[in-house]
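Chemist: One structure, pasted below without further comment.
The values are calculated or read from the model by the stated rules, or taken from the named source; none is laboratory data. Being a predicted model, the structure only gives us computed values, none of them experimental. Neighbour counts are summed over all protein chains in view; Cβ atoms, including those assigned to glycine, are modelled from backbone coordinates with ideal geometry.
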Amino acid sequence: MLSAITDYIKSRRHQLGKHVVFLGSAARSSPDETRVEDLIAGVALAWAAEHGKPLPNEEPAAAALGLMAAEATDHAERCARLQEAMAGLRPSEAHTRLARMMSDGYFPAVFTTDPTDLLQRGLHNRHMEPDKDYHLMVAGVDPADDIQVALEQSKRIVVVKCAGDMTRGYLPMTPPEVRKSIDTIGAVIERASRQLALFVA
């Protein structure tokens, strides 16, 4: 998929820096190709087992997410558990190639529902650090006005985490929690979508 996107962008070099990427939580990690959304579900299932919570046979992960969200309201604890679950994982080829394209100036902004640090690690491997080389903004943590100002006035790349960020200690887990975070920047997303937008699962 990223190869096709790369070829598409290269054919439109006159639009360099005018594209916005929306990256979903189905992005995979290496080396076992675990999807980010499955990683978070695994955290919830492990929490439910640890606390002796009975789960239904159908959609146990969704039930575990709901229970954990209701009872483990400390976002620092949620983030610590996700960090532990990520031991040994590293950025996938997709994260690596996206980071390369960002460092090469193809995208001024990336919106993502991936709360892990995989993209940040990919950017680190390209010698790019938050605050110094790009803005790292988190919906539900940073005011929407601040995110809009960064997108419209800064010359740095802006990475907007729409579903939390474990490095900032904020991790919504259920669809309603994620929607609440995204709703805080709904107008920001709508304005960004007026540019040429690419949606990647």
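Chemist: Is it fair to say Ala46 is hydrophobic (A, V, I, L, M, F, W, C) and outside the structural domain of Arg191 (by TED's automatic domain parsing)?
Modeler: Answer is yes for this residue.
Chemist: Taking into account only those residues within region 87-135 that are among the hydrophobic types (A, V, I, L, M, F, W, C), part of a loop (DSSP other than H, G, I, E, B) and more than 16 Å from the chain's Cα centre (by Cα), which is modelled with the lowest pLDDT?
Modeler: Only one residue tops the list, namely Ala87.
Chemist: Sticking with this structure for a sec: For region 109-133, what are the residues that are buried (at least 21 other Cβ atoms within 10 Å of the Cβ) and farther than 20 Å from Leu171 by Cα?
Modeler: Selection gives Ala109, Gly122, Leu123.
Chemist: For region 20-41, what are the residues that are closer than 20 Å to Phe111 by Cα, touching a residue at least 40 places away in the same chain (Cβ under 8 Å) and touching a strand residue (DSSP E or B) at 6+ places or on another chain (Cβ under 8 Å)?
Modeler: Val20, Val21, Phe22, Leu23, Gly24, Ser25, Ala26, Ala27, Arg28, Ser29, Val36, Leu39
Chemist: Looking only at region 49-61, count how many residues are surrounded by fewer than 16 Cβ atoms within 10 Å (Cβ to Cβ) and either of a type in the set (Gly, Ala, Ser) or not assigned by TED's automatic domain parsing to the domain that holds Asp74 (or both).
Modeler: Of the residues in that region, 2 qualify.
Chemist: Something else now. Examine region 88-105 for a residue that is of a type in the set (Asp, Glu), in contact (Cβ under 8 Å) with a residue 40 or more places away in the chain and within 24 Å of Pro31 (Cα to Cα), and state whether such a residue exists.
Modeler: yes
Chemist: Search region 49-61 for residues that are under 20 Å from Arg81 (Cα atoms) and pair each with any residue that is acidic (Asp, Glu) when their beta-carbon atoms are under 6 Å apart and the residues are at least 6 apart or on different chains.
Modeler: none
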